[in-house]
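Peer 1: Attaching a single structure in C-alpha cells format; questions to follow.
The values are calculated or read from the model by the stated rules, or taken from the named source; none is laboratory data. The structure displayed is predicted, hence computed values, not measured ones. As a convention, Cβ positions derive from the backbone with ideal geometry for all residues, glycine included, and neighbour counts pool all protein chains shown.
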C-alpha cells in the first residue's frame, strides 16, 4: 500500500513539475521581446503625421528618392545610401531648443555603431537657406561626425519639407515648404535597406534613443554582413 501511495505521490509531483515547466516556457514566449521590428505604413500611424496627399495610399510605403547637397558640397541621393539602414532627423544649426539635444543623441547613435558600415545617419536642415555647405561642414566637425556614418543635408527647401511629411512622417503640422512654413520635430526615424520605416523615436530622450540603439541592432540581424 505504501508503495502505491509513494508511486502516486511521485506521479503527481512529476505532473506538477511538468505543468510548472510548461507554464514558464509559455510565459517566456509571451513576454519576451520580439526579435523583429514592425513595418509602418500610413494607415497604421497617427493620422496627424500623415500628409493629406498620401492619406489612403495602398501597399507598402517607401522613402522617396531625393537629390540634396551634403556637408562636402556634393549631390547626395538614395543611390549614395545604397543598402544601408538609415536613421533620419530634421534640424537646423541655429536652433536653441530641441536640436542641440537631438544632435547629442545622434552622436550617441554614431558612437554605438562607429564601426558599422551598414548604418547611415542623415540630418536634414529645415533652414537650408541659412545652413549652407560651409555652415554644415563646421557643424559636422563640431559634433565629430564621421563622414562615412553621418551626413548633413541641405538643398531645396520644398523637397526637404516634402521628405519630412510624405516620406518620413516626421512632422504633424501641414504645409507646403514655402517661406512661411516651418518643420520643427524631435523625431528620429529608423528606415531599413528596403526604404521601409521600422521605428519612430524621441530624439531628445536618452531613454528612447537607447531603444533606437537596440532596434538598430535588431534590424542589423535581419541583414547579411557586407
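Peer 1: Within the stretch 62-75, can one find any residue that is in contact with a helix residue (DSSP H, G or I) (Cβ under 6 Å, 6 or more places away or on another chain), in a helix (DSSP H, G or I) and surrounded by 12 or more Cβ atoms within 10 Å (Cβ to Cβ)?
Peer 2: no
Peer 1: Kindly provide the set of residues from the stretch 192-209 that are assigned to a helix (DSSP H, G or I) and out of contact with any strand residue (DSSP E or B) (no Cβ under 9 Å at 6 or more places or on another chain), ordered by number.
Peer 2: Within the stretch 192-209, 206, 207 qualify.
Peer 1: Among 162, 106, 102, which is the only one that is assigned by TED's automatic domain parsing to the domain that holds residue 76, surrounded by fewer than 20 Cβ atoms within 10 Å (Cβ to Cβ) and not in a strand (DSSP E or B)? Spell out the reasoning first.
Peer 2: Values: 106 fails: surrounded by fewer than 20 Cβ atoms within 10 Å (Cβ to Cβ); 102 fails: surrounded by fewer than 20 Cβ atoms within 10 Å (Cβ to Cβ).
The unique qualifying residue is 162.
Peer 1: In addition: Being farther than 26 Å from residue 216 by Cα and under 21 Å from the mean Cα position of the chain (by Cα) is true for just one of 51, 65, 115, 70. Which residue is that?
Peer 2: Details: 65 fails: farther than 26 Å from residue 216 by Cα; 115 fails: farther than 26 Å from residue 216 by Cα; 70 fails: farther than 26 Å from residue 216 by Cα.
Every option except 51 fails the conditions.
Peer 1: Just wondering, is there one or more residues in the stretch 132-143 that are more than 18 Å from the chain's Cα centre (by Cα), in a loop (DSSP other than H, G, I, E, B) and closer than 23 Å to residue 202 by Cα? Walk me through it before giving the result.
Peer 2: Quick first cut of the stretch 132-143, residues more than 18 Å from the chain's Cα centre (by Cα) only: 132-143.
Among the residues that remain, those that are also in a loop (DSSP other than H, G, I, E, B) are: 132, 143.
From what's left, closer than 23 Å to residue 202 by Cα: 143.
Yes - at least one qualifying residue is present in the stretch 132-143.
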